[in-house]
Structures are given as C-alpha cells and as structure tokens.
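See below for the structure under consideration.
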Amino acid sequence: MTTDEGRERPPSSAVVVGAGIVGLSCAFSLQEHGVEVTLVDRKQPGAGASWQNAGLLSPAMTGPLPEPAILRYGLKAVVNPRSPVGVAWQADPRLARFALSLVRHCTTAAWRRGMEAYRPLNEQVAASYEHQREGGVTAEVTTSDILSCFAHPDGQSGLLHELEALVSSGQPVDIELLTGDEARRQEPRLSGHISAAVRIRGQQFITPSKYVTALAEVVRRRGGKIVEDTEVTSVERRGRVVVAKTDGADLDADAVVLASGAWLSTLAAPHGVRVPVYGGRGYSFTVPCDPPLSGPAHFPAARVAVAPQGDRLRVTGIMEFGSPDAPARSSRIPTILRGVRPLLEGIDWERRSDEWMGARPLSSDGVPLVGATRTPGVYVAGGHGMWGITLGPLTGSLLARQIATGEPPAELGRLDPCR
Ligand SMILES: Cc1cc2nc3c(=O)[nH]c(=O)nc-3n(C[C@H](O)[C@H](O)[C@H](O)COP(=O)(O)OP(=O)(O)OC[C@H]3O[C@@H](n4cnc5c(N)ncnc54)[C@H](O)[C@@H]3O)c2cc1C
C-alpha cells in the first residue's frame, strides 16, 4: 500500500484464507500490528491438518522432508500396501508434478540448503509460543523430552546422522543415548522389543485441537471475524484493494494472506508461486492410557509418534501422498496399529476412538513458503509439511511484521514463495 505521497502505508485490513494454525497465527499477529482481520475457512478453524496431529513442537527434529534416504525407503514403501508410506492413487496430474519435483530435491545438497532455511526459525519456536501465551492463548504447552525408540540398536544410526547434520548446520541439540532398559525405566509402557532409544531433551508438545480452539477464541475476542463454511475460489487485485472471491459475496481488503494448507497451490499459483504444495496425508486416533506416558515417543521404523492427551494417548502415523479431498483409506489405521501394538504395553487398542485423517501441506522442496507474491498485497503462509504446528506461531509473527512494515525479516529470505 502507498500513500498519496508515495510512502508505504501499513495495511489497515486483511483477509486470511484458511483457519489452521498458520492462518490463525497470521491473524493473531496482524492484530498486534493494528490490522483488522477477517479469516475465511471452507469449513471451520482446525478443519485441516491442524486438528489431531501429534502436536510436537520439536525444533530438534524439524527440517526438510526430501533427502536421499526418502528415495531409497520411499520407492520400496509405496508399492507395499502395508507400509506406513504410500500413495492415495488416483488420476491427479498434481501428484505427478509434485512427485517429480520432490524427487529432484532428494539430494544431500538440497537438504543442507533446506536446513539453512530452518535453522534461524527453529531457534525461535519456544519464544513464539510464549509470545502467544502472553497474548492470551492459555492452552497448555508442555515442556518434555521426546524419546525416539528403536527395536534394533542399528536403527538409531539414521536419526543420529540427521541430528549430527543438524548440529553441523549450527543448531544445538541436546540428546542422550539409552539402552532399552534405561528407556523402560523412564517409560514403563515401552515393550521388551525396544532395545535402544535417543532421548531428545527440552522439546515441547500441545494438544493441537485445544490449542487451535484457544487461538481462534483470542482472535475473535480481539475483534477478528471468522467466516466459516465459505470457500475462497480466487484472489485478485483490483486497483488499491485485493479481493478474495467466495462462493457468495466478495471480500476486499488491503492485504490477503493465503494460508490454505494442502490446498494452497490452487489459490497461490496465479500469483507466481511455482513450488507445488501437495497433501502428505496422515492418520491418528486416541486410546485410553492411564497412567499416561511421561511425554511423547517416536518410533521411526513404524513411522508412528504418540503423545499424552490427558488420560488418553494420541497415536499418529502414515505418510500417504494424495489429494486432501480424497476419502480416508480404511486400511491406514490398521497399518498404524500393526506398527505400534508390539512396541507399547498395557493399552487396550480396541477402545480407540477419534479416528482422523489430515493432509500435511508438503512443499516439494521441503521448505515452507512464506512472504509476498508477485501480486502486490497478496501473501502466502504455508507448505510447512510435517512441521506446521512447530512453526505456525513464528510464521504468523514474521509474516505480519513483513506485511505491516513492508520489510521482510531476514529469517524469511529463504522462504520466498516465488523462489
Ligand atoms: C498425522 C500428522 C501428524 C503431525 N504431527 C506434527 C507434529 O508433531 N508437529 C508439527 O509441527 N506438525 C505436525 N504435523 C503437521 C501439521 O499438522 C501441519 O503442518 C499444520 O497443521 C499445517 O497448518 P496449516 O494452517 O498450514 O494448514 P491446515 O491446518 O490444513 O489449515 C488450512 C485451512 O485452510 C482451509 N482452506 C483450504 N482451502 C480453502 C479455501 N479455498 N477457502 C477457505 N478455506 C480454505 C482448510 O479448511 C483448513 O482449515 C502433523 C500432521 C499430520 C497429518
């Protein structure tokens, strides 16, 4: 926005498309800059991936998805219907385009470049959640170690290699190697199959559905409007305002933020965003677990993460490349169960409930897309893949600063959505 004298004028109104953790955090932070915000969601807050994921805020594990091991593991896995990695096969040209681009980025050099983008973000995760707490978001954020558990001691090598790479990229990580017995002393529900573990110290976790609900409440309390059950079909600039066209009325504002998760590419591509974003569908359920686990645990071989949720355990897993709108596959929850059942004891798996599927918004180069597009006044916040809960609040605060001041913060340099 420019004034009549040609100076940059901060926007006074914004429409945010998508009320997941990222869109809500953008709204929260824009409000701090005095911007009047309208959020629009095709369903309701948290209707996408932000509802019942694992809820880990784990900077020590946060990095790009594409790396050479994904190719070796992934190609074998996608053709095995019982594998925790798969494809929701359907005629979808977006899948082929995404897959080709992802494969191109499965190199060590691309992973290192991606990690350079994550490092300055990862160090601010705890502070970004603390900032939202100070702003009235009172949902619990629990500090905890995360146990990464392995049936075979050799299994640790992949994780240790990744953690070493993180440390060499300049990110401090505090870990301890445990035997199976040491891990069971901390977490007695771990079964005798676990023979080794890595304790990753000083991470955090939330119950995502409660957190998103609390964040939406604060956005509303501060005067933000949340328009539910309304799909934005396109966004265009008309003169001095940006218009988000919905199925019903148009909404205009000084700025529009596209934060529509795994659906991002449809709205963002016309504004110069070429990196495709596609769904990495994951599944979860909860099951009674009393006494609860002392903290989250991660079983990389089974691709399962679990986290305490009151007197229940939230169990999450599966990476299924597919359209976020395709129906959930009934075979996926049994795949998670087959993986986790032998690893945890004393849980009645038949009493599970809350079965859920959500699509991680995966960018094909593994780096989030946050910043201005080619269209003045149109911004993007998305593509956080496996780590949108960890990075949502920080994304909101960095992008809101860019929108309000016209100056992109240094941390967003590598996240340019038009790269
Ligand atoms: C099983 C699983 C486990 C996970 N575990 C973790 C974890 O432990 N830690 C972590 O950091 N991350 C985790 N993630 C990833 C995390 O959930 C996502 O990265 C994050 O929720 C993405 O947030 P978002 O706001 O970008 O997208 P979403 O939450 O998907 O929100 C997008 C919103 O946009 C709306 N929308 C879409 N199109 C339109 C439109 N045209 N008009 C209006 N509204 C629209 C949708 O309805 C939706 O509400 C996990 C994901 C899964 C599936």
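The values are calculated or read from the model by the stated rules, or taken from the named source; none is laboratory data. Given the structure is predicted, the values throughout are model-derived calculations rather than measurements. Neighbour counts are summed over all protein chains in view; Cβ atoms, including those assigned to glycine, are modelled from backbone coordinates with ideal geometry. Just the protein is used for accessible areas: all its heavy atoms, side chains included, with ligands, DNA and RNA removed. Shrake-Rupley method; radii C 1.70, N 1.55, O 1.52, S 1.80 Å.
Worth pointing out:
- In the stretch 29-41, residue farthest from the ligand (Cβ to nearest atom) [restricted to those that are surrounded by fewer than 20 Cβ atoms within 10 Å (Cβ to Cβ) and assigned to a loop (DSSP other than H, G, I, E, B)]: Gly34
The rows are residues; the columns are (1) touching a helix residue (DSSP H, G or I) at 6+ places or on another chain (Cβ under 8 Å); (2) within 12 Å of the ligand (Cβ to nearest atom); (3) of a type in the set (Lys, Arg).
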position	(1), (2), (3)
Arg238	no, no, yes
Val241	no, no, no
Val257	yes, yes, no
Ser260	yes, yes, no
Thr266	no, yes, no
Val273	yes, no, no
Gly282	no, yes, no
Val287	yes, no, no
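- Yes/no for Gly155 being open to solvent by 10 Å² or more (accessible area, probe 1.4 Å), touching a residue at least 24 places away in the same chain (Cβ under 8 Å) and over 22 Å from the mean Cα position of the chain (by Cα): yes
- Exactly one residue out of Leu57, Leu121, Leu102, Leu65 is touching a Phe, Trp or Tyr at 6+ places or on another chain (Cβ under 8 Å), crowded, with 22+ Cβ neighbours inside 10 Å and either in contact (Cβ under 8 Å) with a residue 40 or more places away in the chain or among the charged types (D, E, K, R) (or both), and it is Leu57.
- Check on Thr233, within 16 Å of Ala381 (Cβ to Cβ) and either of a type outside the set (Asp, Glu) or under 20 Å from the mean Cα position of the chain (by Cα) (or both): no
- Residue count, the stretch 160-214 (criterion: out of contact with any Asp or Glu (no Cβ under 8 Å at 6 or more places or on another chain), of a type in the set (Val, Ile, Thr) and within 28 Å of Ala117 (Cβ to Cβ)): 4
- Number of residues in the stretch 334-376 that are part of a loop (DSSP other than H, G, I, E, B), over 18 Å from the mean Cα position of the chain (by Cα) and buried (at least 20 other Cβ atoms within 10 Å of the Cβ) equals 1.
- Gly282 meets each of the listed conditions (1) open to solvent by 10 Å² or more (accessible area, probe 1.4 Å); (2) touching a residue at least 24 places away in the same chain (Cβ under 8 Å); (3) assigned to a strand (DSSP E or B) apart from (1).
- The selection criterion, being more than 15 Å from the chain's Cα centre (by Cα) and either of a type outside the set (A, V, I, L, M) or on the phi < 0 side of the Ramachandran plot (or both), holds for Gly34.
- Criterion violated by Pro408 - all others in (1) touching a Gly at 6+ places or on another chain (Cβ under 9 Å); (2) surrounded by 21 or more Cβ atoms within 10 Å (Cβ to Cβ) satisfied: (2)
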